[in-house]
1. Is there a residue being in contact with a helix residue (DSSP H, G or I) (Cβ under 8 Å, 6 or more places away or on another chain), surrounded by fewer than 24 Cβ atoms within 10 Å (Cβ to Cβ), of a type in the set (D, E, K, R) and within 29 Å of His377 (Cβ to Cβ) anywhere in the stretch 158-173?
2. Restricting attention to the stretch 64-98, and to residues there that are loosely packed, with under 15 Cβ neighbours inside 10 Å and small (Gly, Ala, Ser), which single residue is nearest to Arg25 (Cα to Cα)?
3. When you go through (1) under 16 Å from the mean Cα position of the chain (by Cα); (2) under 23 Å from Glu217 (Cα atoms); (3) loosely packed, with under 15 Cβ neighbours inside 10 Å one by one for Gly266, which number turns out not to apply?
4. Please go through the stretch 281-320 and pick out each residue that is among the small types (Gly, Ala, Ser) and within 21 Å of Trp367 (Cβ to Cβ).
5. For Ala125, all conditions in the list (1) more than 30 Å from Leu228 (Cα to Cα); (2) part of a helix (DSSP H, G or I) hold save one; what is the number of the exception?
6. Restricting the search to the stretch 257-313, which residues are more than 27 Å from Asp351 (Cβ to Cβ) and hydroxyl-bearing (Ser, Thr, Tyr)?
7. Which of the residues belonging to the stretch 25-63 are charged (D, E, K, R), surrounded by fewer than 16 Cβ atoms within 10 Å (Cβ to Cβ) and either touching a strand residue (DSSP E or B) at 6+ places or on another chain (Cβ under 8 Å) or modelled with pLDDT of 95 or more (or both)?
Amino acid sequence: MLRVLTLATLFPNGLKPNLGLFVERQTHALAARDGVAVEVVAPVGLPLWPLSRHPHYAPLATLPRRESWNGLIVHRPRYRVWPLVGAAGTARRMADALLPVLREIRARFAFDVIDAEFFWPDGPAAMRLAEALGVPFSVKARGSDIHLWGARRGIAEQIVAAGRAAGGLLAVSGALKADMAALGLPGEAIRVHHTGIDLDRFRPADRAAAKAALGVEGPLLVAAGALLARKGQDLAIAALKSVPGATLILVGDGPDRARLEGLASGANVRFLGSRPHAELPALLAAADVMVLPTVSEGLANVWVEALACGTPVVTSDVGGAREVVDRPAAGRLVPRDPAAIAAAVNGLLADPPDQAAARESALRFSWEKNGAELAAHLAGLVQ
C-alpha cells in the first residue's frame, strides 16, 4: 500500500469550490488507483486580529478543520500569514504550524511520502516537514509558482532549495520544465506530468443548439479564467470589434473585473462571473473559439477542456501551448495583439475545423493516465 499525504494550498473548499479544481481531480485520480491511499492537508492562512476580521479572511475561519470533501479526507489546519510584509516567511510559518498536525495524522495514517501541489509556499514547507518526519517529498510546478514567485527575491532562493532537496519534481509541461531548469532546479529530476481531463463530460455538442440555449446568435467566443490582467481578457475585448456580429462570454471573476467592464461598455460582452465547473462543458461546446491571450501559463486546463469539446483555441505562444495546440485543427498561437487575435478568430470562423479533429488534440490527456503516472512517480520515491 502506498500512502500519500497531499499538501495543497490550492484546493477547493466550501467558500471557494472552484479553487484548485485541477488539484482535486488529480488527487481523486491518484486515490482511485489500486494499492494507493491518500489524505489531503489544505492549510488555511489567517493573519492576526484585527486583520483576521477583514472580509477577505474572516470567512476562512469558519472552514472545518477536518472534513470529507467529495470522498477525500481533507484537513484544514491554520497557519499565520503577514499580508504585504511577510511573504518570504510564509513557508517556514506554515511548516511550523503543520508539523504537529502531520505528526498526529501519521500516528494513524502512516504516509510514505509528501506530495506538494504548488511550488510556493507548498514546496519549501514540504521540504521542512519531510526532513522533520523522515519521509521523501515531491513538488509539482504549475506555472505562476515558477514564473511569478520564482522571480521574487527571498522566495526564489527557497524554491530552488526545495527543488534541489526534493526526491522528485513534476512540471505540467515541457516548457515549464525548461523554465524550472533555468531557475536553477535540477533538470534531470523533473518529470513532465500533463494534466488530465474528463473526456466524458467535456465533449462536442450540437453547437447551434448550445448557442440557442444561451440566447446567442452569430459567432460566439468564450474566455474562461480568472479576471486578472495577465490573462489578457482586455485583448479579447479589443479584438471583438474586428469580429463581425460576435459575442464574447467571459467566465470567471477576479480583481480586473471592474476595468474589463469599463472596456466592454457598448460591446457585445457578457460577464458570467465564477460559475460551477459543471457548467463549463456546455459553455465551451457552444463556442466557436475559446480565446485566452495570456501572458504566461504552465499548461492551462481550459485549453484542453475546450479542445475536448471540439472548440479550437486562440492563445499566446507561451508555456505549454505548443504541447496542446499542436495542429491546425486545434487553433492558433498568436501575438498578444488585438489585430492578430481577431485575424486568427476570423480565420477559424471562415474555415472552422471539424469538431472531432479539434478533439483529437485532447485525447492524450486523461485523469486515469495522470493518476497512473503520479502513482508510479511517488512509488519510485518511496522505493
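The values are calculated or read from the model by the stated rules, or taken from the named source; none is laboratory data. Computed from a predicted structure; not experimentally measured. FYI the Cβ positions are ideal-geometry reconstructions off the backbone, even for glycines, and counts take in every protein chain you see.
1. No: zero hits.
2. It comes out as Gly71.
3. The one condition Gly266 does not meet is (1).
4. Those that are among the small types (Gly, Ala, Ser) and within 21 Å of Trp367 (Cβ to Cβ): Ala282, Ala285, Gly298, Ala300, Ala306, Ala308, Gly310, Gly319, Gly320.
5. It is condition (1) that Ala125 fails.
6. Hits for the stretch 257-313 are Ser265, Ser274, Ser296.
7. Asp34
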